[in-house]
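J.: Before anything else, here's the structure in question.
The values are calculated or read from the model by the stated rules, or taken from the named source; none is laboratory data. Since the model is a prediction, treat every value here as computed from it, not as a measurement. So basically every Cβ, Gly included, is an ideal-geometry build from the backbone, and we count neighbours across all protein chains shown. The protein model used for the area step is the full one, side chains on, heavy atoms only, and it has no ligands, DNA or RNA in it. Shrake-Rupley method; radii C 1.70, N 1.55, O 1.52, S 1.80 Å.
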Amino acid sequence: DFSKAMSQAGTSQFQEVIRQELEYSMKVELDKILSTAPSNELEHTKKDLEGFKKLFHRFLQEKGPSVDWGKIQRPPEDSIQPYEKIKARGLPDNIASVLNKLVVVKLNGGLGTSMGCKGPKSLIGVRNENTFLDLTVQQIEHLNKSYNTDVPLVLMNSFNTDDDTKKILQKYSHSRVKIYTFNQSRYPRINKETLLPIAKDVSYSGENTECWYPPGHGDIYASFYNSGLLDNLIAEGKEYIFVSNIDNLGATVDLYILNHLMNPPNGKRCEFVMEVTNKTRADVKGGTLTQYENKLRLVEIAQVPKAHVDEFKSVSKFKIFNTNNLWIALSAIKRLQEKNAIDMEIIVNPKTLDGGLNVIQLETAVGAAIKSFENSLGINVPRSRFLPVKTTSDLLLVMSNLYSLNAGSLTMSEKREFPTVPLVKLGSSFTKVQDYLRRFESIPDMLELDHLTVSGDVTFGKNVSLKGTVIIIANHGDRIDIPAGALLENKIVSGNLRILDH
C-alpha cells in the first residue's frame, strides 16, 4: 500500500509539473500575441487574454465529467414553480413602474452559417420579410408604447456579428427603443495536440479568422461588466435583465414573471430565474435543472458520465429542460463579478478547421451560473415560450399559418385543434435558406399537420395543404413536384410520384 501511495503521489506530482509547464508555455504565447496589439486595442485585448488565461487554468485543473452522478437529486417541490401559479397572482396597477426596472438582453453572437447564410443569424428573414432583430425591436416598442415605459434592448454581439449588426441598427433610430450593444470576449483557439494558441498575433481577418472564437454565452457576465454598460444601467435604476437567444421567437417579455421577481410573495427576491419547459422526444439532450449539493444546478449532457447518458435522456426521470430564457438581478451580477465568484463548468468544444487541423475551444454557458446566485428559482413555462429557429424545418413552422404575427410576437393559431407543434423533418436539399425558399412557391397550409418528412429533390407548388402524417421521399436522381393546390392527407409519396395512403 505504501509503494502504491508513493507511486500515486509521484503521478500527481508529475501531472502537476506538466500542468505548470503548460500554463507557463501558454502565458509566453499569450504575451507574444499581446505584444502585437495596436495601442487602441491594447486594454481590450489584455482583458480578453486575462479572461482566457483563467479559463485555461481551470481547464487544466478539472478532471473528467464535472458532476458526481450519485449526488444528483430531484429539485425540491417549491424550487420549480408552475407558470400557472405565477400567472394566477395577476398584475399590480403599477406594472409600468415595474417594467421600467427591466432590460431585455438578446444573445446575438451567432452566425447564420448552419442555415447557409452569411452574416449574423439575427438578420435572417423569418416572417413577412421581418428578421429576428426586427421582431425583437417591434415587441419591445409595442411594450414601451402600450405602458409608456422605457425598456431598453441590449445586444451581446461577437466579433463575428458586431459590424453587420451595428450597420443595421441605424434603421431603428426612430423606433421607441433604446438599443445598446457590447461585445463578447475574443479567445484564441488552441491546438488539440500542443494545447497552445494557433494565433500568432491579434489580427482576426483574412487567414486569421479561424484562430479566434467567441467563448459561449456564459461570457455575458464578464463582458457585460467589463463594457461598463452594467454599471450605467444600474445607475439608471434598472434592476433585472431578461436574457434569451435571439433565435427563440417565444422569448417575449412576460409581465407575470417580472411581477413575481419584483414583488415576491414571500418578500425575498430571487437573483436568478430559469424558465424551463417539459421535455418532448425532440428535447432529450437539453440541459436539465437538478438539486446538487443543496443548490439548484443546470446539468448538461456533456457533463454526464457515459454510463448515465440514457438515464439523463429519460423523459420520465428528467421531465424538464432549460429554455435559456433567464431573469437575472443586475446587482447580483455586479457583486459576483467583483468577487470573481461566478462558477460555470467548462465546455470543451472540439473543431476541425478547413485545413484539417484539430483545435479545441473552451466555452461556458450562461445558465450554468445559476448555482452561484442566491435564492434561484425555476419556472415551468408553457412550450410556447420556447420557439427556437435552428434549422429550415423550424423556419417552415414559424412561416406557416400555424402562427399569427402581432406586434412582433408569434402566437399559435386558434384554428389549430391541439397545442403541440407538428414534427417537421426537411432533408439536406432544404438545409440552406435560399434552397429552402426556392422549393416552396408558397408555404403550405399546415393547420392540421402532425408529421412531415421530406427527403430528396422535392418542390411544392402554390396553396398545397398538408394534413395528418405526410412523408415525401424522392429517390436519388428522381424529382417530385407537388402540384399547386394539392391536398396531401396521411400520404406517402415515393420516388416515382406514386401517392399512397398512409
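J.: Is it the case, given these coordinates, that residue 386 is crowded, with 19+ Cβ neighbours inside 10 Å, modelled with pLDDT under 95 and out of contact with any helix residue (DSSP H, G or I) (no Cβ under 8 Å at 6 or more places or on another chain)?
T.: Yes.
J.: Filtering the stretch 443-466 down to residues that are in contact (Cβ under 8 Å) with a residue 40 or more places away in the chain and not in a strand (DSSP E or B), which residue is surrounded by the fewest Cβ atoms within 10 Å (Cβ to Cβ)?
T.: My answer is 443.
J.: Of the residues 231, 247, which is out of contact with any Leu (no Cβ under 7 Å at 6 or more places or on another chain), under 25 Å from residue 337 (Cα atoms) and not hydroxyl-bearing (Ser, Thr, Tyr)?
T.: Within the list 231, 247, the selection yields 231.
J.: Does residue 359 count as touching a Ser or Thr at 6+ places or on another chain (Cβ under 8 Å), without any contact (Cβ under 8 Å) to a residue 60 or more places away in the chain and over 27 Å from residue 105 (Cβ atoms)?
T.: Spelling it out, it is not the case that residue 359 is touching a Ser or Thr at 6+ places or on another chain (Cβ under 8 Å), without any contact (Cβ under 8 Å) to a residue 60 or more places away in the chain and over 27 Å from residue 105 (Cβ atoms).
J.: Can you list the strands (runs of 3 or more DSSP E) lying wholly within the stretch 142-254 that have 3 or more residues being of a type outside the set (D, E, K, R) and open to solvent by 30 Å² or more (accessible area, probe 1.4 Å)?
T.: The qualifying strands (runs of 3 or more DSSP E) are 179-183.
To keep it simple, each residue is scored yes or no on (1) within 31 Å of the chain's Cα centre (by Cα); (2) of a type outside the set (Lys, Arg); (3) at positive phi; (4) modelled with pLDDT of 95 or more.
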| residue | (1), (2), (3), (4) |
| --- | --- |
| 443 | yes, yes, no, yes |
| 454 | yes, yes, no, yes |
| 457 | no, yes, no, no |
| 464 | no, yes, no, yes |
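Residue by residue, here is whether (1) open to solvent by 90 Å² or more (accessible area, probe 1.4 Å); (2) not assigned by the TED database to the domain that holds residue 200 holds:
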position: 32; (1), (2): yes, yes
position: 43; (1), (2): yes, yes
position: 55; (1), (2): no, yes
position: 80; (1), (2): no, no
position: 91; (1), (2): no, no
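J.: A further question on this structure: Checking the structure you have, find out if any residue of the stretch 231-252 is modelled with pLDDT under 95 and closer than 19 Å to residue 372 by Cα.
T.: Within the stretch 231-252, not a single residue is modelled with pLDDT under 95 and closer than 19 Å to residue 372 by Cα.
J.: Looking only at the stretch 288-301, how many residues end up being over 19 Å from residue 76 (Cβ atoms) and touching a residue at least 60 places away in the same chain (Cβ under 8 Å)?
T.: Total satisfying the criteria: 1.
J.: Here's another thing I want to ask about it. Checking residue 73 against (1) within 31 Å of the chain's Cα centre (by Cα); (2) modelled with pLDDT of 95 or more; (3) not hydrophobic (A, V, I, L, M, F, W, C), which test does it fail?
T.: Status for residue 73: all satisfied but (2).
J.: For the stretch 310-425, which strands (runs of 3 or more DSSP E) that fit wholly inside it have 3 or more residues that are among the aliphatic types (A, V, I, L, M)?
T.: 320-329, 358-363
J.: Return yes when residue 86 is touching a His at 6+ places or on another chain (Cβ under 7 Å) and either crowded, with 20+ Cβ neighbours inside 10 Å or at pLDDT 95 or above (or both) and no when it is not.
T.: The answer is yes for residue 86.
J.: Which of the helices (runs of 4 or more DSSP H) contained wholly in the stretch 15-129 include at least 1 residues that are of a type in the set (Lys, Arg)?
T.: Here the list reads 42-61, 83-88.
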